[in-house]
Amino acid sequence: MATVNSKRMDKKTWPKSNADVCIRCATCMAVCPVSRVTPLFPGPKQAGPGAERFRKSGDSSVDEWIDLCIGCHLCDMACSSGVNISELNLMAKAKYLDEKGRPLRDWFLTHSFLFAGLASFFSAITNFLLKNQAVKWIADSLLRIERRRELPAYQSPTFRQWFRKRPSSPPFEKGGDACLPLGGQGFEPYSKDRKKVAYFYGCYTNTNEVDVGKATVQVLEANGLEVILPPQECCGLPMLGNGNFKGARKMGLKNVPSLLKAVRSGLDILFSSTSCGHMIRHDYSHLLAIPGTEEVAHHLFDLFEFLRNLRERGNLNIHFKELPLKIAYFPPCHLRSLGIGLPALEILRLIPGLEIENIEADCCGMGGTFGFKKEKYEISQEIGKDLKEAIDRLNPEIVLTDCEGCRMQIRHLTGLKVLHPIQILRDALSDTK
Amino acid sequence: MKGSMRLQTEVLIIGGGATGVGIARDLSLRGIPSLLIEREDFLSGASGRNHGLFHSGGRYVVSDPEAARECIAENRILRKIVPHCIEETDGLFVSLPEDSLDFRDRFIQACEEADIPAYLLSRDHVLSLEPELNPDLLSAVNVPDGAIDPFELVLANAKDAENRGAKFLLHSEVTSILVEGDRVKNILAKNTLHGEEYLIEASYLINAAGAWADRLLKLAGLRMAMALSKGSMLITNQRLANRVINRCRPPSDGDIIVPNHTVSILGTTSVRLEDLEHFEVTPQEVSLLIEETSKMLPAIEETRLIRAYAGIRPLFQSEGKGDDRAISRGFVLIDHEKRDGIRNLITITGGKLVTYRLMAEKTSDLLCRKMGTDLPCSTHLKPIPAMDAPSNLKDRLKASGEAEILCDCELVRTDEVEKILKEGGVKDLQDILHRTRLAKGTCQGGFCIYRLLGILNEMGLAEGDSNKILRGFLEERWKGIRPVLWGSSIKEEELIESIYKGIFNL
């Protein structure tokens, strides 16, 4: 009986395969960045719904190539029949890696949040080590972390420390303090104006790109909003992307109650990393079945989606100063997968003097931890080629993109200055200067 | 006859199904030369149009214990001689709340008497083995059923027979049988592709034409009473259960689900038929099959079906009985010397795919007696080498990351098809489809067949009008798809139709 029950539960946790609705049209094959550059990956049509027909429950995995799925979700978006291709791939990848075992390298890449605090505190030493060629050589040969890849530097103080200590900041509040009457439980397409918002900044903002967090807070405050940081952990996407459902679910189970508390106290939650946002909005509920996610998702907004909502109601601070910059904007895959259009581009286009172009290219090739892996580095670079060429043609001074992975990759590919769009928006708000 | 090619053989076998090919191999092992003539390709009749059940005998054990005993004996032999054609899945006879447990107990008893290893499983145990089964089931009996690949089976038999000297003449139809006194003297045949005519002289003639046995005898001025029973089946897009699922009740419509490679096959119906050449699966049959099989596997109600097809059971009728299911599924061996005074003619028909070897053995034994020799049968001892092309699901999935794939749905590799083409012997598209898993998946050849024509063209094998070949294929495909066309299938069909109409201008 126990076996029966646990099997049933597995089924609930993992969505029922809808490979049956694939009409074999191969549109997904035209958008897959991986199969475009390597014959080793058979492409979404075969790897997803196609291979499903060959996988028998109880059989061990043989589809080693499944590990090459970069997790960009472009296939899901292209599918005319709504097949959850990347989820099918992720489940197959999880099964393959569960059986085969994960290298220590993957543990390091997906658990950086455990030592990020320490790394930040000793950032001078950490960064020296991360840049040191000998260390990189060791990481390359022992852990198979590609040595040509720059390892992200740590910053001190962390965003959270900065937020707490800054003189202008209002007293730090824990997420649960209800300051507004409880909002309706139902879905609201646009949440009503509220004086406070909660911010899910993500690990990378906290320890590696603190200025993204600062800019977010500054822009929100310049719009008359008070920012609250609910207690939070890594969203778990690196683990999920590496097929570690259990680990990812653990992170979700820590985050959702805290976010739910914020939502129930009437706050909207904003994220500046589109990957964290995508994880919480879609994967928490769909793949990981974390209770309460639906309610959180209804009040969870991409930072620029939120600003666009303000703008639509005439509440956005648009006292921008002139910024005579030539900028190229790259919409990350996970932003596109959110299905909210390109809000950052819409808002930035309001800035006078800013010459901004959208980069017409698919996936950057980083795929979170994918691009760090020695065996996948070449594929990652090959995918990025199109993007690099597109950027070269535009010849911008600065490249903007909402995802930290994309930012790392574009810096690596082009050597250009690459920022989060909120940083430029902050610069344009003259009164924050 | 003027202009016709003269062929001579000791034994002429008519019919390239499992029985005919089985006889060819049996005779080749005994050292008796034979020629097999087939109107189309191997497996063009019931051998290629069944649910691929590797019978334990359980299905007939209550109604026809004799046939069941034959099944289990052959089941044991085939596991040894053709393991590569068999998936040893086991089968379950499932009792639902509306089914009588008296029948179940009789079933277990009958299995014991027929020497079929059967054991009762509790509801919870069954559900842990096959979680998609109806959770309301009461119990299930496990028997050594399995899945058999009839194509692999017959083609491997043919290849081995050929290596031992047997000859095959495919795509050739017998047009007349000349009887002189108490003997069949000559047989006239015509190649259906090129129109070439043959005059065949044979010392013995074996009629293994299956459902066409009676029609063939008519050419010799003889008759036999046969009941033609159409059995329709549906194919699901994915494999829904790993074991054969039977309903534990007296055989009736829609009581079996057989796993087959990537798919499950839902069967069957039983409809009396007069016309051998034109038959289709009717909407009533489709509804009936879904309704009945989904009682065992509720997922069937929502699953996608990719094809419907029907085969004709050649059932021998000793006297007019009402229900075809009551007619023995055992086989019939007729010595026309005793029956009609024709000394060198034998008819073998009826039976099951799983008893093909036994049928071949009995036929060959009778032939030997007629020839006055006592060469022993050895087909139960000598394994049949595997064909090299098809491999199991795991191997194909693994290889799909390495080689060029021609058929995305069934992961058939381009080099696999090229090899078959290079070996020669394939005359038309249907022949290629019989020898690979091409076009057996989700899109049913919608995307791979035009790719195949490209390969045929490159290899200089595309004879005649490619559009005509495509049209013929599409008509046959349409026949199989139309009965199950709704939901996502219809969406896909629109796409495929626009490809063929828009790009190929068909």
- Within region B:378-407, considering residues that are of a type in the set (D, E, K, R) and modelled with pLDDT under 90, the one surrounded by the most Cβ atoms within 10 Å (Cβ to Cβ): B:Arg396
- Task: Restrict the check to region A:104-116 and report whether at least one residue is away from chain B (no Cβ under 13 Å), surrounded by 21 or more Cβ atoms within 10 Å (Cβ to Cβ), not basic (Lys, Arg) and not in a helix (DSSP H, G or I).
- Result: no
- Message: For region A:54-70, check the following and say yes or no: at least one residue is open to solvent by 10 Å² or more (accessible area, probe 1.4 Å), modelled with pLDDT of 90 or more and more than 14 Å from every other protein chain (Cβ to nearest Cβ).
- Response: yes
- What number of residues within region B:37-69 satisfy the criterion of being assigned to a helix (DSSP H, G or I) and either touching a Lys or Arg at 6+ places or on another chain (Cβ under 8 Å) or aliphatic (A, V, I, L, M) (or both)? 4
- Item | Qualifying residues in region B:446-471 (those that are within 14 Å of chain A (Cβ to nearest Cβ) and open to solvent by 50 Å² or more (accessible area, probe 1.4 Å)) - the one nearest to B:Ile503 (Cα to Cα) | B:Tyr450
- Message: The conditions are (1) over 23 Å from B:Asp64 (Cα atoms); (2) hydrophobic (A, V, I, L, M, F, W, C); (3) open to solvent by less than 70 Å² (accessible area, probe 1.4 Å), and B:Leu138 fails exactly one of them. Which is it?
- Response: (3)
- When you go through B:Leu276, B:Leu240, B:Leu234, B:Leu219 one by one, which is the residue that is on the phi < 0 side of the Ramachandran plot and in the same structural domain as B:Leu36 (by TED's automatic domain parsing)? B:Leu219
- Quickly run through region B:271-309 and pick out the residues that are touching a helix residue (DSSP H, G or I) at 6+ places or on another chain (Cβ under 7 Å), more than 23 Å from B:Ala241 (Cβ to Cβ) and of a type outside the set (A, V, I, L, M). B:Arg272, B:Glu280, B:Pro283
- Query: Say we look at region B:102-151 and pick out the residues that are within 14 Å of chain A (Cβ to nearest Cβ) and hydroxyl-bearing (Ser, Thr, Tyr); which of these is farthest from B:Asp41 (Cα to Cα)?
  - Reply: B:Ser122
- Task: Considering (1) touching a Leu at 6+ places or on another chain (Cβ under 8 Å); (2) at positive phi, say which one A:Gly367 fails and leave the rest.
- Result: (1)
- Filter result for B:Leu101 (surrounded by fewer than 24 Cβ atoms within 10 Å (Cβ to Cβ), over 30 Å from B:Asn207 (Cβ atoms), in contact with a Ser or Thr (Cβ under 7 Å, 6 or more places away or on another chain) and not aromatic (Phe, Trp, Tyr)): yes
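Conditions tested, residue by residue: (1) open to solvent by 30 Å² or more (accessible area, probe 1.4 Å); (2) under 26 Å from A:Arg311 (Cα atoms); (3) assigned to a helix (DSSP H, G or I).
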position	(1), (2), (3)
A:Glu378	yes, no, yes
A:Gly384	no, no, yes
A:Lys388	yes, no, yes
A:Arg393	yes, no, yes
A:Asp402	no, yes, no
A:Gly405	no, no, yes
A:Arg411	yes, no, yes
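Using the structure shown, decide if B:Arg164 is over 30 Å from B:Arg106 (Cβ atoms), charged (D, E, K, R) and surrounded by fewer than 21 Cβ atoms within 10 Å (Cβ to Cβ). Show your work before the answer.
Numbers: over 30 Å from B:Arg106 (Cβ atoms): yes; charged (D, E, K, R): yes; surrounded by fewer than 21 Cβ atoms within 10 Å (Cβ to Cβ): yes.
Judged against the criteria, B:Arg164 is a match.
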- Item | Candidate set: region B:1-20, residues that are out of contact with any Leu (no Cβ under 7 Å at 6 or more places or on another chain) and crowded, with 24+ Cβ neighbours inside 10 Å; chosen: the one nearest to B:Leu205 (Cα to Cα) | B:Gly15
- In region A:351-371, is there at least one residue being open to solvent by 20 Å² or more (accessible area, probe 1.4 Å), part of a strand (DSSP E or B) and outside the structural domain of A:Glu382 (by TED's automatic domain parsing)? no
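Each row is one residue, and each column tells you yes or no for (1) modelled with pLDDT under 95; (2) of a type in the set (A, V, I, L, M, F, W, C); (3) in contact with an Asp or Glu (Cβ under 9 Å, 6 or more places away or on another chain).
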residue	(1), (2), (3)
A:Cys333	no, yes, yes
A:Leu354	no, yes, yes
A:Asn358	no, no, no
A:Cys364	no, yes, no
A:Lys373	no, no, yes
A:Glu404	no, no, yes
A:His412	no, no, yes
A:Val418	no, yes, no
A:Lys433	yes, no, yes
- Note on the structure: Taking region A:123-145 and keeping only residues that are part of a loop (DSSP other than H, G, I, E, B) and basic (Lys, Arg), one is left with A:Arg144
- Task: Just name the residue that is modelled with the highest pLDDT out of those in region B:299-336 that are open to solvent by 50 Å² or more (accessible area, probe 1.4 Å) and of a type in the set (Gly, Ala, Ser).
- Result: B:Ser318
- Task: With a cut-off of at least 1 residues that are surrounded by fewer than 20 Cβ atoms within 10 Å (Cβ to Cβ), name the strands (runs of 3 or more DSSP E) lying wholly within region A:237-345.
- Result: A:326-329
- Task: Mind listing whichever residues of region A:7-41 are at pLDDT below 90 and either open to solvent by less than 60 Å² (accessible area, probe 1.4 Å) or away from chain B (no Cβ under 11 Å) (or both)?
- Result: A:Met9, A:Lys12, A:Thr13, A:Trp14, A:Pro15, A:Ser17, A:Asn18, A:Ala19, A:Asp20, A:Val21
- Message: One residue is enough: does region A:304-314 have a residue meeting the conditions in contact with a Leu (Cβ under 6 Å, 6 or more places away or on another chain), in the same structural domain as A:Gly243 (by TED's automatic domain parsing) and under 30 Å from A:Lys93 (Cα atoms)?
- Response: no
- Message: Please determine whether any residue of region B:175-191 is open to solvent by 70 Å² or more (accessible area, probe 1.4 Å), in contact (Cβ under 8 Å) with a residue 12 or more places away in the chain, touching a Ser or Thr at 6+ places or on another chain (Cβ under 8 Å) and in the same structural domain as B:Pro33 (by TED's automatic domain parsing).
- Response: yes
- Query: Residues of region A:71-95 being more than 13 Å from chain B (Cβ to nearest Cβ), in a loop (DSSP other than H, G, I, E, B) and over 19 Å from A:Cys276 (Cβ atoms), which ones?
  - Reply: A:Asn84
- For B:Cys443, which of the numbered conditions (1) buried (at least 23 other Cβ atoms within 10 Å of the Cβ); (2) in contact with an Asp or Glu (Cβ under 7 Å, 6 or more places away or on another chain); (3) more than 14 Å from every other protein chain (Cβ to nearest Cβ) fails to hold? (3)
- Pick from region B:417-437, criterion away from chain A (no Cβ under 14 Å) and not in a helix (DSSP H, G or I), ranking: surrounded by the most Cβ atoms within 10 Å (Cβ to Cβ): B:Thr436
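The values are calculated or read from the model by the stated rules, or taken from the named source; none is laboratory data. Everything numeric here is computed off the predicted structure, so don't read it as measured data. Positions of Cβ are backbone-derived with ideal geometry, glycine not excepted, and every protein chain shown enters the neighbour counts. Heads up: the accessible areas ignore ligands, DNA and RNA and are worked out on the full protein's heavy atoms, side chains in. Shrake-Rupley method; radii C 1.70, N 1.55, O 1.52, S 1.80 Å.
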